[in-house]
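What follows draws every value from the coordinates through simple rules; no lab data is involved. No experiment lies behind these values; they were computed from the predicted model shown. Because the Cβ atoms are built from the backbone with ideal geometry, glycine has one as well, and the counts that use them run over all protein chains shown.
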Amino acid sequence: MSSTLVEPTPELAAEADARFEGVADPEEQALAVLRWAGETFGDSFALTSSMADGLLAHLAGRAHPGVQVVFLDTGYHFAETTGTRDWIASVTDIRVLSVQPEQTVAQQDAEFGPQLHDRDPDLCCAMRKVQPLARALAGFSAWGSGVRRDEAETRRGTKVVDWDAKRGMVKVNPLAAWTQDDVDRYTAEHQVPVNPLVEVGYASIGCAPCTRPVAPGEDPRAGRWAGRNKVECGLHT
Ligand code: SF4
């Protein structure tokens, strides 16, 4: 990774957010935010993706070709998800950086007991998602993800460019203002890869033990950690 072109600051993030929030068209807004992040931070800018679809990767490949996209390879993914990751990598102009936790699932089971995800999902997410992401992003100045305001109550206030005080980084959310209609239109128009599990009712896809399909009309994230008092893995909060 090369050194950053510009030092990340809260003021820089606020100024960029004010500028890009005014772009009315969601596609133009996303491309403008991604282009700005690439031009401002160069190789010190990375995205993250759960590889549920290739929307963010497709946009990023257009705006900042060759951008690194971090995939948290938790060891608990559906085969369809890792297959979609490889599919996306083959048809978009991005570099996928698959990141593993310190412990394999077997090592975690040996130390903490099997199925920690059922007994203490916060600890499991901390070890398999939050800590690996922190390690992966160390040294970067700015990062971004595909979170949208319409996905969950906890995401209503998402800014297109924000300051991640916890990490001391600029955080971009190019899809913050996108609706499901915007996603569907762009996906069809550009033949963006979509995880085949979406077709069978998985509206939001994470690790296999913590993801179930949802009924038509049900909250898309209701299938994540269903039955548990948990809606976020801790990456975006
Ligand atoms: S989503 Fe479930 S299996 Fe994946 S890291 Fe979190 S608790 Fe563990």
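The residues listed here are 171, 166; of these, the one that is surrounded by fewer than 19 Cβ atoms within 10 Å (Cβ to Cβ) and among the charged types (D, E, K, R) is 166. In summary, residue 204 fulfils each of the numbered conditions (1) away from the ligand (no atom under 16 Å from the Cβ); (2) in contact with a Gly (Cβ under 7 Å, 6 or more places away or on another chain) with the single exception of condition (1). Of the residues making up region 63-95, those that are free of Cβ contacts under 8 Å to residues at least 24 places away in the same chain and within 16 Å of the ligand (Cβ to nearest atom) number 1. Every condition in (1) more than 20 Å from residue 211 (Cβ to Cβ); (2) away from the ligand (no atom under 16 Å from the Cβ) holds for residue 102 except the one numbered (2). With respect to the conditions (1) under 22 Å from residue 82 (Cα atoms); (2) within 15 Å of the chain's Cα centre (by Cα); (3) not β-branched (Val, Ile, Thr), residue 173 lacks only one, and its number is (1).
The sole residue among 187, 211 that is over 28 Å from residue 119 (Cα atoms), buried (at least 16 other Cβ atoms within 10 Å of the Cβ) and of a type in the set (S, T, N, Q) is 187. Test residue 41 against the criterion of being over 19 Å from the mean Cα position of the chain (by Cα), part of a helix (DSSP H, G or I) and within 21 Å of residue 57 (Cα to Cα), and give yes or no. No: the conditions fail for residue 41. Hey, does region 127-139 have a residue that's farther than 30 Å from residue 40 by Cα and within 12 Å of the ligand (Cβ to nearest atom)? Checked region 127-139: at least one residue is farther than 30 Å from residue 40 by Cα and within 12 Å of the ligand (Cβ to nearest atom). For residue 96, the requirement of being buried (at least 22 other Cβ atoms within 10 Å of the Cβ), under 25 Å from residue 184 (Cβ atoms), touching a Lys or Arg at 6+ places or on another chain (Cβ under 8 Å) and not basic (Lys, Arg) is not met.
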